[in-house]
Each structure stands twice: as C-alpha cells, then as structure tokens.
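The values are calculated or read from the model by the stated rules, or taken from the named source; none is laboratory data. Bear in mind that the values here come from a model prediction, so they are computed numbers and not experimental data. FYI the Cβ positions are ideal-geometry reconstructions off the backbone, even for glycines, and counts take in every protein chain you see.
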Amino acid sequence: MSDTSVLDVTTTTDPCLSMNLGGHKKAITDISFSPDNEQFASSSEDHSIMVWNNSQNSRSYQFVGHSDVVTSVDFSSNGNFLASSSKDHTVRIWVPTIRGGSTEFKAHTSAVNSVCFNADNSKLITGSNDKSVKLWDACKKQFIASFLGHNNWVRCARMSPHGDMIVSCSDDRTVRIWSVDSGQQIHVFRSASSSPNYLSLHQNNNSIAVAMNSGSVRVYDIRNKKLQQHYTLHDDTTCVSWHPCANYLLSSGRDGKLKIVDVMEGRPLYTLSGHSDAIFSCKFSADGEYFASGGADKRIMVWKTNFLMNEN
C-alpha cells in the first residue's frame, strides 16, 4: 500500500455547520486540531485554553495558567502535548487531559504571538513582539537559537516539515525564510502596502499561504521564491489554513466571513457566514474532514467539509 495519502479529492454537497460551541468569556484567538481529529483546542483573550471533543456531545476542559491573553495553541503531532503562547511573555506545554498539567518557561521579553511544534515534536518555534523568532528544545525547555532580522512584531513562525527552514511573518511587511542550520535568511518576500497577519506552510514544503491585513491571501513558492497566486477575499484577512490535499485554502476575516479557495483552479469556491463578528482563527482538521473557526463573538463553529479524500 502506498504511503502517499490522498491524491484524489471530490466534492459532494456544500460545507455545513456541525457544531456551534460556547465557553470562552472573551474572543477566541487560535484553534488547533489533534492529529487523530478527536479533539481540538482553542485559546482566548480570557487567559484560558479549552480542549473540546470533536463530537455532537462535546465536553470541554478549561486550562488556566497564563496571566494574560493566550495568543496561540498547537497540538503535537502525536497528540500527547499542547503548546500555548501568551502576551505574558511565556510559553506553556500542557498534557491535554482532564488534569491539564503544564510546564512554563520564559520565552521572550515581550508578548509571544505564535508557538508551534516541529514535525517530530522535539522543538518549538516561537515569534514575538520583541521582533525575534526563537527555536527551543521542547523536552528540556531550553533555548537553542534566535533568528533576527525583522524590525517589527513577529506575528507567526513555522518550521518546514523537513526541519531545515523556518518561515516567519511580521508587521515589517515581510515574510522571511531562514536556514535552521546557519540561522541566516534565505529569502525575504516584501509587501509595499500591507502586512501579513498569519502564515500556513503546507506539509509538502513548497508553498506558503499568507493572510494579509489588506484582505488578500498570497501563495508563495519556496523553491522558486516567487508569488504564485493572489486572492482578494476579505477586508482584513486574519488566518489561513491549507487543506491536507493542498488543493484548497480556508481563510477568515474581520468581516466575519470564511472563504474556501480552489487553489488548483485559482478561484474562490465558498463564502460561509455564521459568526456575528470578526473571525480570528480558522483551521482544517488533520484529515480535512472538518474545519473550525472562532473569533470576537466567543463562539467556536465546527464545519463539515464536502471534500472526500480517496486513498490509493
């Protein structure tokens, strides 16, 4: 049997709302699905994290420990741990069970806007208002390296699946690619008139999707270091997420809308409404069967996709 997952994607009916959940007391800032898709986590301006079961009889656990807004949350690829970042300058690693134990380490000298595990969960990548991207040993909770070059707040940072590159975006209107080994910049994508809010690096290691505050989504090719596609979708695009097959992009905006784009055909497919205010996060599940969204209305909406993925 081939170890290549899904190669053929077909569509059936329109995406539909599966669950509409409440629990946070303030705006939701980020969402992350567990790799088995049975749980998802949400972070919030109410200083807490909630972990939900992805089912109609969803239960949730609330984790409290950060002393300020929780800005980002990320499940490890084995589902055993959950990382979070906060405006309190710290990162925490949680065990996503009912007890919700965590360990904390000081990560930056200012608000931490982004945290994620690398592919084998041995490292964490963080981005901060102190204008730096940092790499950490996730097991030892020790600092490894800083990546310096941004001259404004770093909004998001991710490591490539192969572990050789880090990609970051900043209010300095750049998306930067870094060599993990040398710590040096490989390339800089610059924008003349808008800033990136968020980026999503696809697992094939070749494409970066970037949510811009101008309302656009840009797709860059890492190998050729060129802009591949450009879509105008929102007034202010806050988040973007790749479908695992790489054929579709999901985006959210301050206009309270979700958009789905067919990247292969280069056209928007769907506009989805439901939230009553700005949406700050949207994520596909690991298998692409669901996606979730959350934002200023304090609601988490879980949607069933219409993308059927057929294995070879």
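For region 143-225, please list each of the strands (runs of 3 or more DSSP E) lying entirely inside it that holds at least 1 residues being surrounded by fewer than 18 Cβ atoms within 10 Å (Cβ to Cβ) and in contact with a Gly (Cβ under 7 Å, 6 or more places away or on another chain).
Numbers: elements: 154-159, 165-170, 174-179, 185-190, 196-201, 207-212, 216-221.
Of the strands (runs of 3 or more DSSP E) lying wholly inside region 143-225, those with at least 1 residues that are surrounded by fewer than 18 Cβ atoms within 10 Å (Cβ to Cβ) and in contact with a Gly (Cβ under 7 Å, 6 or more places away or on another chain) span 185-190.
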(request) Given the conditions (1) more than 20 Å from Ser55 (Cβ to Cβ); (2) in contact with a strand residue (DSSP E or B) (Cβ under 9 Å, 6 or more places away or on another chain), report the number of the one that Ile300 does not fulfil. (result) (1)
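Any residue at all in region 262-279 that is β-branched (Val, Ile, Thr) and under 20 Å from Ile28 (Cα atoms)? First the steps, then the outcome.
Step one: of region 262-279, the residues β-branched (Val, Ile, Thr) are 263, 271, 279.
Filter once more, so that each one left must be under 20 Å from Ile28 (Cα atoms): 279.
Yes, region 262-279 has at least one match.
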(request) Starting from region 134-161, take each residue that is under 15 Å from Arg92 (Cα atoms) and list its partners that are part of a strand (DSSP E or B) and polar (S, T, N, Q), counting only C-beta distances under 6 angstrom and pairs at least six apart or across chains. (result) Lys134/Thr126; Lys134/Ser146
(message) Checking the structure you have, find out if any residue of region 31-39 is touching a Phe, Trp or Tyr at 6+ places or on another chain (Cβ under 9 Å), hydrophobic (A, V, I, L, M, F, W, C) and modelled with pLDDT under 95.
(response) no
(request) Take region 1-28 and flag every residue that is closer than 21 Å to Thr271 by Cα, of a type outside the set (Gly, Ala, Ser) and at pLDDT 80 or above. (result) Asp14, Pro15, Cys16, Leu17, Met19, Asn20, Leu21, Ile28
(request) Those residues that are in contact (Cβ under 8 Å) with a residue 40 or more places away in the chain and in a strand (DSSP E or B), I need them from region 260-290; list them, please. (result) Ile260, Val261, Tyr270, Leu272, Ile279, Phe280, Ser281, Cys282, Lys283, Phe284, Tyr290
(message) For region 82-132, give me each residue that is outside any loop (DSSP other than H, G, I, E, B) and among the charged types (D, E, K, R).
(response) Arg92, Glu104, Lys106, Lys123
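Looking at region 35-49, which of its residues are surrounded by fewer than 23 Cβ atoms within 10 Å (Cβ to Cβ) and under 17 Å from Val95 (Cβ atoms)? Before the answer, list the steps.
Initial filter on region 35-49 (surrounded by fewer than 23 Cβ atoms within 10 Å (Cβ to Cβ)): 35-39, 45-48.
Listed by number, the residues that qualify are Pro35, Asp36, Glu38, Gln39, Ser48.
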(request) Say whether the condition of being farther than 22 Å from Thr237 by Cβ, surrounded by 18 or more Cβ atoms within 10 Å (Cβ to Cβ) and of a type in the set (Gly, Ala, Ser) is met by at least one residue in region 111-118. (result) no
